[in-house]
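The values are calculated or read from the model by the stated rules, or taken from the named source; none is laboratory data. These numbers were taken from a predicted model, which means no experiment stands behind them. Neighbour counts run over all protein chains shown; Cβ positions are idealised from the backbone, glycine included.
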Amino acid sequence: MATTSDWDIASKRVVITGSTSGIGRETAAQLAAQGAHVVLACRNLPLAEQVAADIRRQHLGATVEVGPQLDLASLESIRQFAAAYKRSGQPLHVLINNAGMLTLAGTNYQRPWQTPEGVGGLCQVNYLGPYALTRLLEDTLQQSAPARVVNLSSVTHRFGWLGDVARFLPSWVPGSYYPSTKLANVLFANEMQRRLGEHGVQSCAVDPGGVASKIWDHSAFAKPPLSWVINNLYAPTSDGAAAVVHAATVPWGRERLAAAAINQRWSQPPGSRSRRNAARPLPDLRFYARGLFTSPLVTSWRGIPQRGFRSRVRQTVWGLSTLAHSLLDWPLRRLSGGRILAQTRCVPSAPLSYDSTLAAQLWDLSADAAQLPRDCKLVGKAKR
């Protein structure tokens, strides 16, 4: 029986959402170059066909296909994609939930909107859409085990806040505030690992770092002088994809000790450091980051809003420190010719992302909103 320690991306089928541009496109190209069978899951099918052809020309012998149309803003489109993929009878070894938006301005949705199910638009695209897609394909992932789900998050998840979980999905602000959706991505990745990790489906989240991608379009960073900062100090998408490729391809057992130490520190509830709780096996939760985004000065921020002058000062200092890290990360890597700050490794995510009660509540409410069962459908025998 194959296990996740035997992981080799060659010949595995990989579905990547939002893969017509930016990090998604570069991730598709890099994985295809390593021999993966890449499926582009996108809204714009003609553009996806062009991207697939470009990757095949760039990497002779690469296997890239365009999947059914997928619009993460629509639960019906997500259901249709999942149903069509299942009808194909093909396995699914890696699902990379890459697609996401910083703002919906400049799209077909010019102002805050809600889905027919009452979910805030940005929350639907960034969080509930990937959640629903993964849940609809969870049986295919199990049948293809060992399999992996990679959720793209952001350093901004460290100051995300959900507050009342029941209000997170339907609200527009702050419920669909970008950092909150990125925190939800990590909570989802961790909860899926708790539920399906023992069934051969590993789940993790990754911070690709500061990247000059189209996510900044239609934001304040799309115009000078801030656009100069993005275009000159943030990494190109080919570099930003490296962290995602690592999360998708690294043998799971390679960083088990580092993950175990992190989980021992953060997964135990406050005040429950008893011998009995410490002896309990912890879920193997993974969050990957690269370069300066692995610095303790970035990862140590507790991320939970607190009132008071001291709290505001700490938050301001952390924010300025993280901004400095983001502005130096790519320039230092580029000037060194990639000899420094090129490593992707397992680091702590925001402490709130380890809250198993919060993650379970979010999971259940998300299942209700997407009209899915709360419990995972388990297929076959558990694989370890």
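Scanning the range 333-353 for residues that are buried (at least 16 other Cβ atoms within 10 Å of the Cβ) and over 16 Å from Ser154 (Cα atoms) turns up Arg333, Leu341.
Output the residues belonging to the range 134-168 that are farther than 14 Å from His93 by Cα and either among the small types (Gly, Ala, Ser) or in contact with a strand residue (DSSP E or B) (Cβ under 7 Å, 6 or more places away or on another chain) (or both). Once the filter is applied, which keeps residues that are farther than 14 Å from His93 by Cα and either among the small types (Gly, Ala, Ser) or in contact with a strand residue (DSSP E or B) (Cβ under 7 Å, 6 or more places away or on another chain) (or both), the range 134-168 yields Asn151, Leu152, Ser153, Ser154, Gly160, Gly163, Ala166. Are any of the residues in the range 221-234 polar (S, T, N, Q), touching a Pro at 6+ places or on another chain (Cβ under 7 Å), outside any strand (DSSP E or B) and surrounded by fewer than 24 Cβ atoms within 10 Å (Cβ to Cβ)? No, the range 221-234 contains no residue that is polar (S, T, N, Q), touching a Pro at 6+ places or on another chain (Cβ under 7 Å), outside any strand (DSSP E or B) and surrounded by fewer than 24 Cβ atoms within 10 Å (Cβ to Cβ).
Conditions (1) surrounded by fewer than 18 Cβ atoms within 10 Å (Cβ to Cβ); (2) under 29 Å from Val201 (Cα atoms); (3) at pLDDT below 95, marked per residue:
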| site | (1), (2), (3) |
| --- | --- |
| Phe293 | no, yes, no |
| Ser300 | yes, yes, yes |
| Ile304 | yes, no, yes |
| Thr316 | yes, no, yes |
| Trp330 | no, no, no |
| Ala370 | no, yes, no |
| Pro373 | yes, yes, no |
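Remark: pairs (first residue in the range 297-309, at negative phi and small (Gly, Ala, Ser); second residue surrounded by 19 or more Cβ atoms within 10 Å (Cβ to Cβ) and modelled with pLDDT under 75; Cβ separation under 7 Å; 6+ apart in sequence or on different chains) are absent. For the range 13-55, a residue qualifies if it is basic (Lys, Arg) and in contact with a strand residue (DSSP E or B) (Cβ under 6 Å, 6 or more places away or on another chain), and exactly one does: Arg13. The residues of the range 318-328 that are surrounded by 15 or more Cβ atoms within 10 Å (Cβ to Cβ), of a type outside the set (S, T, N, Q) and within 19 Å of Asn232 (Cα to Cα), listed by number, are His325, Leu327, Leu328.
I'd like to know if the range 166-183 contains one or more residues that are part of a helix (DSSP H, G or I), hydrophobic (A, V, I, L, M, F, W, C) and within 16 Å of the chain's Cα centre (by Cα). Yes - at least one qualifying residue is present in the range 166-183. Of the residues making up the range 197-220, those that are more than 23 Å from Val186 (Cβ to Cβ) and assigned to a helix (DSSP H, G or I) number 1. Residue pairs whose Cβ atoms lie under 9 Å apart, separated by 6 or more positions or on different chains, with the first residue in the range 49-67 and in contact (Cβ under 8 Å) with a residue 40 or more places away in the chain and the second part of a loop (DSSP other than H, G, I, E, B), are Gly67/Cys42.
Screening the range 148-167 for residues that are at pLDDT 90 or above and touching a Leu at 6+ places or on another chain (Cβ under 6 Å) and picking the one that is farthest from Glu138 (Cα to Cα) gives His157. Exactly one residue out of Lys12, Lys86 is crowded, with 21+ Cβ neighbours inside 10 Å, on the phi < 0 side of the Ramachandran plot and of a type in the set (D, E, K, R), and it is Lys12. So for the range 144-154 (the condition being more than 20 Å from Asp355 (Cα to Cα), free of Cβ contacts under 8 Å to residues at least 60 places away in the same chain and surrounded by fewer than 24 Cβ atoms within 10 Å (Cβ to Cβ)), does at least one residue qualify? Taking every residue of the range 144-154 in turn, none turns out to be more than 20 Å from Asp355 (Cα to Cα), free of Cβ contacts under 8 Å to residues at least 60 places away in the same chain and surrounded by fewer than 24 Cβ atoms within 10 Å (Cβ to Cβ).
Considering the range 21-51 alone, what residues qualify as being surrounded by 23 or more Cβ atoms within 10 Å (Cβ to Cβ) and more than 16 Å from Ala242 (Cβ to Cβ)? The answer is Val38, Val39, Leu40, Ala41, Cys42, Ala48.
The residues in the range 319-340 that are part of a helix (DSSP H, G or I) and touching a helix residue (DSSP H, G or I) at 6+ places or on another chain (Cβ under 8 Å) can be counted, and the count is 12.
Evaluation of Leu372 against the conditions (1) free of Cβ contacts under 8 Å to residues at least 24 places away in the same chain; (2) part of a loop (DSSP other than H, G, I, E, B) shows that the sole unmet condition is (1).
More than 23 Å from the chain's Cα centre (by Cα) and of a type in the set (S, T, N, Q) - does that describe any residue in the range 65-87? No, that holds for no residue.
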